[in-house]
1. Could you look through region 28-61, keep only residues that are small (Gly, Ala, Ser) and surrounded by 15 or more Cβ atoms within 10 Å (Cβ to Cβ), and pick out the one that is farthest from Arg189 (Cα to Cα)?
2. It is to be established whether one or more residues within region 107-114 are more than 30 Å from Ala46 (Cβ to Cβ), of a type in the set (D, E, K, R) and outside the structural domain of Arg59 (by TED's automatic domain parsing).
3. Any chance you could count how many residues in region 102-114 are in contact (Cβ under 8 Å) with a residue 40 or more places away in the chain and surrounded by fewer than 17 Cβ atoms within 10 Å (Cβ to Cβ)?
4. Would you mind stating whether Val29 is at pLDDT 95 or above and assigned to a loop (DSSP other than H, G, I, E, B)?
5. Pairs only if they're at least six apart or on different chains, beta carbon under 8 angstrom, first in region 181-208 and under 22 Å from Val29 (Cα atoms), second part of a helix (DSSP H, G or I) and among the small types (Gly, Ala, Ser); list them, first residue then second.
6. Which one is farthest from Ile54 (Cα to Cα), of the residues in region 1-26 that are without any contact (Cβ under 8 Å) to a residue 40 or more places away in the chain and surrounded by fewer than 24 Cβ atoms within 10 Å (Cβ to Cβ)?
7. Sort out which residues of region 79-101 are touching a Leu at 6+ places or on another chain (Cβ under 7 Å) and without any contact (Cβ under 8 Å) to a residue 60 or more places away in the chain, and write them in order of number.
8. Would you kindly identify the strands (runs of 3 or more DSSP E) lying entirely within region 115-195 that contain at least 2 residues that are crowded, with 23+ Cβ neighbours inside 10 Å and modelled with pLDDT of 95 or more?
Amino acid sequence: MLVLGLDTALQRCSVAILRGGDVLADESVGMERGHAERLAPMTAAALAKAGVAIGDLDRVGVVVGPGGFTGVRVALSFARGLGVGTGIPIVGVTSLAALAAPYWEGGPTAAVIDARRGQVYAGLYGAGGKILVSPFVSEPKQALEILGNKVAGDGVRVVGSGAGLLAPPPAGWQVSDGKEEIDAKAVARLAAAAPLPEGPPAPLYLRPPDAKPGRPGLLEGERS
C-alpha cells in the first residue's frame, strides 16, 4: 500500500510517503507558523523524491488534532482537497496516537501535549494502539489522576511536550524530556493499518479556539 502521511498540528510541517514498510520520502521542518505555505511544496518534493504521482497513492493519512487550531485545519483541508480531486481515501489520525505509536509496543504509553492555558491534551494507548483512555483535555493534575486510575505499577511511558507537566508522576513511570515530535511516517503507518473510512475525517477539537469575538485573526500557535 502506498500511503502519504501529513502533519501540521503542532510545531512542525511534515510529509512522508511509505510503501509497505519502506520509507520512500520523508520531509519535515520545525515551524510555529506558515504551515499553509510550506505543506504543498513539501508534498510535491516528497512525491518527486519517491518517484510517484498523487494518483498512485492508495491512502492519505492526516493528523486531525488535537493541536494548533489553524495548523490542524491546514493539513486537513489539504488532505480533503486531495481526496475530492482524486477519490483517494483520507484517514484521520490523532496527534496523540501518532506521538505514542513509536513506543506503545513496549507497554502502556501516555501521550501528553502542552495545550497551554494550564491544560494538557492526553491519551493512553496499549500494545497495537489499543485505546486505553481516549483523547481528553484537562489540567495536568486531573490528567495524572485519569491516567493513573487506568494503569498502575511500573512500565508506563509518558511522551510529548506536556510530559513534564504531570508531576510528580507515580513511582516507576518513565517520563520523557518532552522533545518528541509527531512523525509523518507514523501517521502514514497508522493510516495504512486503519479500517477504510466511510467519509472524510473531521477535526478533533477538545476545546473551543482561543480567539474570541471582536479579536483579530486566530494565531496559528493557539491550541484547539
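The values are calculated or read from the model by the stated rules, or taken from the named source; none is laboratory data. Owing to the predicted nature of the structure, the values given are computational and were not obtained by experimental measurement. When we count neighbours, we look across all protein chains shown, and the Cβ atoms used for this are built from the backbone with ideal geometry, even at glycine.
1. Taking the candidates together, the pick is Ala36.
2. Checked region 107-114: no residue is more than 30 Å from Ala46 (Cβ to Cβ), of a type in the set (D, E, K, R) and outside the structural domain of Arg59 (by TED's automatic domain parsing).
3. Matching residues across region 102-114 total 3.
4. Taking the combined requirement at face value, the residue does not satisfy it.
5. Hits for this filter: Ile182/Ser95; Ile182/Ala98; Asp183/Ala98; Ala186/Ala98; Val187/Ala98; Leu190/Ala97; Leu190/Ala98; Leu190/Gly129.
6. Gly21
7. Passing the criteria: only Ile88.
8. Where strands (runs of 3 or more DSSP E) fall fully within region 115-195 and carry at least 2 residues being crowded, with 23+ Cβ neighbours inside 10 Å and modelled with pLDDT of 95 or more, they are 119-125, 157-159.
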